[in-house]
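J.: Have a look at the structure that comes next, please.
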Amino acid sequence: MKASRSYGEIVAEYRMFLLAPHKEEHKHSRAITLWKYFSRASQKDKKDYWGKLYNHTYSYDGLTLNGCDIQRALRKHLVRLQGNRCCYCRRWLPNIAYARPIEHVLPRSVFPQFSIRYENLAVACYDCNKQKTADNWSPFKPPIRKYPGPKDCTEFFHPRFHRFDSHVRYTRIETNDTALTIYLGRTVQGRHLCSTHLKHIALMEAVCTNNANLKSSLQKLHGAGNMTNITHMRKFEEFMTLLNQSICSFAG
Ligand SMILES: [Zn+2]
């Protein structure tokens, strides 16, 4: 099996998404139109329209369509493609929406023109999304007009183009009380992912699962998945950000 997907495979995956771009079948064709409209507009205006799509409501001739439902359908599609695992660390994704955020591989803060670009989107776990934040791991610098292809991504791991198993090997030991994962890069892209990112994720997991008090607190926090209270959600975000930062500074 090749280390990278071909352009044809990406196109086939995109066509698969277009078969069900909305949770309600009778809205599919309108959802495709809306998705393509926002995608083109984002590229043309060089603006981040991801949030705009989420909040958009289309209403015409008795048909109402919400942009957030298109993003939910995309998440479902990507999770299925990824075998229900995080695009970076390959751990299982919990079945909670906030814990499986859609990740912009080339960050939308740096490349707003790719904010609604199909191959720029993948689903990460909460930890990976928090750890990566808006970091640009690629060597590309704005402005670039054309989205890079699999052959252009030679220096960093692109989860939509590269096959994880060809680039990174990992060993995971899990017992009742603890978990330990060791990642080893096999290629330039894999080693870059390990040194930039996965070493922090492995360390964070080891610290959290080997500390009984911290593990118990985190389980309670994660258990409160459907946090509707915005203040609680913010406090949770702040706590996780501080935890990530302290572990990263410890890891160096
Ligand atoms: Zn992850």
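J.: Give the number of residues within segment 4-33 that are crowded, with 16+ Cβ neighbours inside 10 Å and in contact with a strand residue (DSSP E or B) (Cβ under 9 Å, 6 or more places away or on another chain).
T.: The qualifying residues number 6.
J.: Okay, next question. For the list (1) modelled with pLDDT of 95 or more; (2) in contact with a helix residue (DSSP H, G or I) (Cβ under 6 Å, 6 or more places away or on another chain), I need the number of the one condition that residue 111 fails.
T.: Residue 111 satisfies all of (1) modelled with pLDDT of 95 or more; (2) in contact with a helix residue (DSSP H, G or I) (Cβ under 6 Å, 6 or more places away or on another chain) except (2).
J.: Can you find a residue in segment 68-82 that is of a type outside the set (Val, Ile, Thr), over 30 Å from residue 239 (Cβ atoms) and either within 16 Å of the ligand (Cβ to nearest atom) or touching a strand residue (DSSP E or B) at 6+ places or on another chain (Cβ under 6 Å) (or both)?
T.: Taking every residue of segment 68-82 in turn, at least one turns out to be of a type outside the set (Val, Ile, Thr), over 30 Å from residue 239 (Cβ atoms) and either within 16 Å of the ligand (Cβ to nearest atom) or touching a strand residue (DSSP E or B) at 6+ places or on another chain (Cβ under 6 Å) (or both).
Okay, residues lined up against (1) polar (S, T, N, Q); (2) in a helix (DSSP H, G or I); (3) within 16 Å of the ligand (Cβ to nearest atom); (4) surrounded by fewer than 18 Cβ atoms within 10 Å (Cβ to Cβ):
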{"position": "108", "(1), (2), (3), (4)": "no, no, no, no"}
{"position": "122", "(1), (2), (3), (4)": "no, no, yes, no"}
{"position": "128", "(1), (2), (3), (4)": "no, yes, yes, no"}
{"position": "136", "(1), (2), (3), (4)": "yes, no, no, yes"}
{"position": "141", "(1), (2), (3), (4)": "no, no, no, yes"}
{"position": "144", "(1), (2), (3), (4)": "no, no, no, yes"}
{"position": "147", "(1), (2), (3), (4)": "no, no, no, yes"}
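J.: Restricting attention to segment 157-191, and to residues there that are in a loop (DSSP other than H, G, I, E, B) and in contact with a strand residue (DSSP E or B) (Cβ under 8 Å, 6 or more places away or on another chain), which single residue is nearest to residue 140 (Cα to Cα)?
T.: 157
J.: Please specify each residue of segment 191-208 satisfying the condition of being in contact (Cβ under 8 Å) with a residue 40 or more places away in the chain and closer than 13 Å to residue 167 by Cα.
T.: Within segment 191-208, 192, 193, 198 meet the criteria.
J.: Does segment 87-109 contain any residue that is free of Cβ contacts under 8 Å to residues at least 24 places away in the same chain, of a type in the set (A, V, I, L, M, F, W, C) and in contact with a strand residue (DSSP E or B) (Cβ under 9 Å, 6 or more places away or on another chain)?
T.: Yes; the residues of segment 87-109 include at least one that is free of Cβ contacts under 8 Å to residues at least 24 places away in the same chain, of a type in the set (A, V, I, L, M, F, W, C) and in contact with a strand residue (DSSP E or B) (Cβ under 9 Å, 6 or more places away or on another chain).
The values are calculated or read from the model by the stated rules, or taken from the named source; none is laboratory data. Just so we're clear, the structure is a prediction, and the values are computed from it rather than from any experiment. All Cβ positions, even for glycine, are placed from backbone atoms using ideal geometry, and neighbour counts span all protein chains on display.
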